[in-house]
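The values are calculated or read from the model by the stated rules, or taken from the named source; none is laboratory data. All of these numbers come straight from a predicted model, not from anything done at the bench. In this analysis, Cβ positions are derived from the backbone assuming ideal geometry, glycine residues included, and neighbour counts consider all displayed protein chains.
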Amino acid sequence: MKSPFVYIHEAVEELHHVRWPTRHQAVRLSSIVLVFVILSAAAFGVLDFLLAQLVTLILPG
């Protein structure tokens, strides 16, 4: 078993090999994710509302 210091050293070495995105790429991809999350939330909200209305129509009140 490796010591924690060796593990941390190797982890830092691996992080130097990572190709990090540019600021422009990070902003663009974050924007895409944000738009997708908002659209998904809206779609699920509408679906939830419609299903709730359907249940109130089916079940007597």
Check: Do the conditions hold for E10, that is, is it surrounded by 10 or more Cβ atoms within 10 Å (Cβ to Cβ), acidic (D, E) and either in a helix (DSSP H, G or I) or modelled with pLDDT of 95 or more (or both)?
Finding: yes
Margin query: Need the failing condition index for L47 against (1) among the hydrophobic types (A, V, I, L, M, F, W, C); (2) at pLDDT 95 or above; (3) more than 24 Å from the chain's Cα centre (by Cα), just the number.
Written below: (3)
